[in-house]
Amino acid sequence: MGHPKAKTLPESAASATDSKIKDYFMKFDTNRDGKLSKQELKMAFRGLGSRAPWLRALLVISRMDENRDGYISDHELNKLVEFIHQRGYNFNFTA
Ligand SMILES: [Ca+2]
Ligand SMILES: [Ca+2]
């Protein structure tokens, strides 16, 4: 039981998914500052079909904003990607 991640995806597919998740979120960086604000996160979670995108955005900021600037920047986005995996959000990437 020491291994909580029972991944069904092979390693390579998992990392491909990671970068697609990142790409997805960065599409919502509408002001192009390279960071995701609460507002931008909200739009991203809405796009994922979250019923409470605003709460999700707040949760993500409070958990993953390591430097407390109120934004999710690139390395913080890695933690968000893990969170997305844990949550099992369904990404329908066909590209
Ligand atoms: Ca931004
Ligand atoms: Ca930050």
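The values are calculated or read from the model by the stated rules, or taken from the named source; none is laboratory data. Just so we're clear, the structure is a prediction, and the values are computed from it rather than from any experiment. Here the Cβ is made from the backbone with ideal geometry for all residues, glycine too, and neighbour counts use every protein chain on show.
Structural remarks
- Pair list, Cβ under 7 Å, 6 or more apart: the stretch 24-39 residue within 19 Å of Tyr89 (Cα to Cα) and of a type in the set (A, V, I, L, M, F, W, C), other residue near ligand 1 (Cβ under 6 Å from one of its atoms) and in a helix (DSSP H, G or I): Phe28/Glu40
- Total residues in the stretch 2-52, condition modelled with pLDDT of 95 or more, at negative phi and either away from ligand 1 (no atom under 16 Å from the Cβ) or part of a loop (DSSP other than H, G, I, E, B) (or both): 8
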